[in-house]
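Peer 1: The structure follows.
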Amino acid sequence: MKRSEKLLEGVVPIVPTPFTETEEIDEQALRGLIDFAIAGGLQAVCLPAYASEFYKLTDEEKLRVVKIAVDQAAGRIQIVAQSNHPSLKTAIRLAQANVEAGADVISLAVPRIFSLPEESLREYLGGFLKSIPETPVLIQDFNPGGSSISASFIKRLMDENPNFKYLKLEEPLCAPKFEDIIHTTKGEVGLFEGWGGLYMLELIPIGITGVMPGLGVADILQKVFRLRKEGQHDKAFDLFEKVMPQIFFSLQNMELFHYAEKELLIARGVLKNSIARKAAYIPDASSVNYIRELNKRVVAAANDGNFKK
C-alpha cells in the first residue's frame, strides 16, 4: 500500500462539520476538533460522513474539510476521507483528490438512494476500489430499507480488490452476521460497528476491529473498547452505561444527532456553537433541556479521575 500500513483499530470517530453564523465552514473550529481527537489519544478520525452533514456540503467543500484535517493532523493521527456520491464517476473524482491531499484511508458508503441488485453494487464498489488501488478503503453500508451487503458479496469483493480493508455496518442484531463475515473472510476485512457505538459491547467479544461513533464520546468509548478487549467487563459496562443514554437519545434522528453532538462538544469546551446547515432539526424545549442534562453526565464521566487513569 502506498499509504500508511498501520492498521485502523479501536475507536475511529466521525468529525462533525462546524459552521459559522452564516453556515460557512469554520476552519479554525475544525482544526480544533482534530486537535481534540489527538489529545484524546485516538488513532484516526473520519470525515465528512453522515455525522459530518456531508449531504449538505458541495463537492468542493467535502474536499476542503479533508484538506484542512490532513493539514492539521500533520501525521499525528490518520485521516479517513469519506468520498460518498451515488455517481461512481464523481465518487472516484472525490476519492482520488482526497488521496492526493494526503488522506490515509478512503471511505465510501454503498449507494442506497434506490434499491439495486448486488451485481450493480459490485460493479459500483469494484470500480471505486480499482480507481485507487494503492490506498486502503473502508466501505460503509447503512440500509434503513433492508439488509446490508451479504458475507458472500463481501468475500468476492475482497478477493477481487486487495485494497478493500475495512467494512462498517450499521444495523441492530447483527452479531450473527458479523461472525459470518469474520468466518467467511478469515478476518481479512476489519469490521467496524457504526450507529454511535451503541452495540459495541455485544460485538467486541466476537472480534470486531473497532467502532465509529461521534467525536464527543470517542475518548470515553476508546477506554470502554480497551477494557472490554482486556476482559475487564464490569468496568467496561460501568463506563459505557454513563454515556449510553446520550448516544441512544441523540440517534433517534440524524439531524437531532447533529445538534446533540455539537452541544456536547460545546460542553466539553471544543466548539462555540451548535449550528447545523438548514434544513436542520429544531429541538423543542424539553429536548434541549434533556440533551443538556445528558451531556453534563458525559462531561462528568470524561472528567472523572478514574476515567483518566
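Peer 1: For region 12-23, give me each residue that is over 13 Å from residue 261 (Cβ atoms) and out of contact with any Asp or Glu (no Cβ under 9 Å at 6 or more places or on another chain).
Peer 2: Selection gives 12, 21, 22, 23.
Peer 1: Now for a separate question. Among the residues of region 259-283, count how many are in contact with a strand residue (DSSP E or B) (Cβ under 8 Å, 6 or more places away or on another chain) and among the charged types (D, E, K, R). Full working, then the answer.
Peer 2: Step one: of region 259-283, the residues in contact with a strand residue (DSSP E or B) (Cβ under 8 Å, 6 or more places away or on another chain) are 261, 264, 273, 275-277.
Then keep just the ones that are among the charged types (D, E, K, R); that gives 261, 277.
Total meeting the criteria: 2.
Peer 1: May I pose another question? Among the numbered criteria (1) within 18 Å of the chain's Cα centre (by Cα); (2) crowded, with 21+ Cβ neighbours inside 10 Å; (3) assigned to a helix (DSSP H, G or I), which single criterion is violated by residue 208?
Peer 2: Of everything listed in (1) within 18 Å of the chain's Cα centre (by Cα); (2) crowded, with 21+ Cβ neighbours inside 10 Å; (3) assigned to a helix (DSSP H, G or I), residue 208 misses just condition (3).
Peer 1: Go through (1) crowded, with 16+ Cβ neighbours inside 10 Å; (2) more than 20 Å from residue 51 (Cα to Cα) and name the single condition residue 168 misses.
Peer 2: With respect to (1) crowded, with 16+ Cβ neighbours inside 10 Å; (2) more than 20 Å from residue 51 (Cα to Cα), residue 168 is out only on (2).
Peer 1: If you take the residues of region 112-141 that are surrounded by fewer than 16 Cβ atoms within 10 Å (Cβ to Cβ), farther than 26 Å from residue 74 by Cα and not charged (D, E, K, R), which of them is nearest to the chain's Cα centre (by Cα)?
Peer 2: 113
Peer 1: Quick check: anything in region 53-62 touching a helix residue (DSSP H, G or I) at 6+ places or on another chain (Cβ under 7 Å) and in contact (Cβ under 8 Å) with a residue 60 or more places away in the chain?
Peer 2: At the first step, the residues of region 53-62 found to be touching a helix residue (DSSP H, G or I) at 6+ places or on another chain (Cβ under 7 Å) are 53-54, 59, 62.
Right, trim to in contact (Cβ under 8 Å) with a residue 60 or more places away in the chain and you get 53.
Looking through region 53-62, at least one residue is touching a helix residue (DSSP H, G or I) at 6+ places or on another chain (Cβ under 7 Å) and in contact (Cβ under 8 Å) with a residue 60 or more places away in the chain.
Peer 1: State whether the residues of region 219-241 include one that is more than 29 Å from residue 58 (Cβ to Cβ), surrounded by 17 or more Cβ atoms within 10 Å (Cβ to Cβ) and in contact with a Phe, Trp or Tyr (Cβ under 6 Å, 6 or more places away or on another chain).
Peer 2: If we filter region 219-241 for residues that are more than 29 Å from residue 58 (Cβ to Cβ), which is where we start, we get 219-241.
Now drop any that are not surrounded by 17 or more Cβ atoms within 10 Å (Cβ to Cβ), which leaves 219-225, 227-228, 236, 239-240.
Within this subset, residues satisfying the condition of being in contact with a Phe, Trp or Tyr (Cβ under 6 Å, 6 or more places away or on another chain) are 224.
Looking through region 219-241, at least one residue is more than 29 Å from residue 58 (Cβ to Cβ), surrounded by 17 or more Cβ atoms within 10 Å (Cβ to Cβ) and in contact with a Phe, Trp or Tyr (Cβ under 6 Å, 6 or more places away or on another chain).
Peer 1: Of 34, 25, which residue is in contact (Cβ under 8 Å) with a residue 40 or more places away in the chain, of a type in the set (Val, Ile, Thr) and surrounded by fewer than 20 Cβ atoms within 10 Å (Cβ to Cβ)? Full working, then the answer.
Peer 2: Values: 34 fails: surrounded by fewer than 20 Cβ atoms within 10 Å (Cβ to Cβ).
On inspection, the qualifying residue turns out to be 25.
Peer 1: Still on this structure, I have one more. Kindly indicate whether any position in region 131-138 is in contact (Cβ under 8 Å) with a residue 12 or more places away in the chain, farther than 19 Å from residue 51 by Cβ and assigned to a helix (DSSP H, G or I).
Peer 2: Within region 131-138 (the criterion being in contact (Cβ under 8 Å) with a residue 12 or more places away in the chain, farther than 19 Å from residue 51 by Cβ and assigned to a helix (DSSP H, G or I)), the answer is yes, since at least one residue qualifies.
Peer 1: Does any residue of region 235-242 turn out to be of a type in the set (Gly, Ala, Ser), in a helix (DSSP H, G or I) and touching a residue at least 24 places away in the same chain (Cβ under 8 Å)? Full working, then the answer.
Peer 2: The first filter runs over region 235-242 and keeps only residues of a type in the set (Gly, Ala, Ser), leaving 236.
Among the residues that remain, those that are also in a helix (DSSP H, G or I) are: 236.
Narrowing further to those that are touching a residue at least 24 places away in the same chain (Cβ under 8 Å): 236.
Checked against the condition, which is being of a type in the set (Gly, Ala, Ser), in a helix (DSSP H, G or I) and touching a residue at least 24 places away in the same chain (Cβ under 8 Å), region 235-242 yields at least one hit.
Peer 1: Now, a different point. When region 142-165 is examined, which residues are found to be within 20 Å of the chain's Cα centre (by Cα), of a type in the set (Phe, Trp, Tyr) and farther than 22 Å from residue 251 by Cα? Break it down into steps so the answer makes sense when it comes.
Peer 2: First, pick out the residues of region 142-165 that are within 20 Å of the chain's Cα centre (by Cα): 142-144, 147-149, 154, 163-165.
Then drop every residue that is not of a type in the set (Phe, Trp, Tyr), which leaves 142, 164.
The one that is within 20 Å of the chain's Cα centre (by Cα), of a type in the set (Phe, Trp, Tyr) and farther than 22 Å from residue 251 by Cα: 164.
Peer 1: Looking at region 243-278, which of the residues that are in a helix (DSSP H, G or I) and of a type in the set (Gly, Ala, Ser) is nearest to residue 197 (Cα to Cα)?
Peer 2: Residues of region 243-278 that are in a helix (DSSP H, G or I), as a first pass: 243-250, 254-267.
From the residues that got through so far, the ones that are of a type in the set (Gly, Ala, Ser) too are 250, 260, 267.
Details: 250: 12, 260: 15, 267: 20 Å.
Among those residues, the one meeting the criterion is 250.
Read-outs throughout are calculated quantities, based only on the coordinates presented, and are distinct from any laboratory measurement. None of these values were measured; they are calculated from a predicted model. We place every Cβ from the backbone using ideal geometry, glycine too, and count neighbours over all the protein chains shown.
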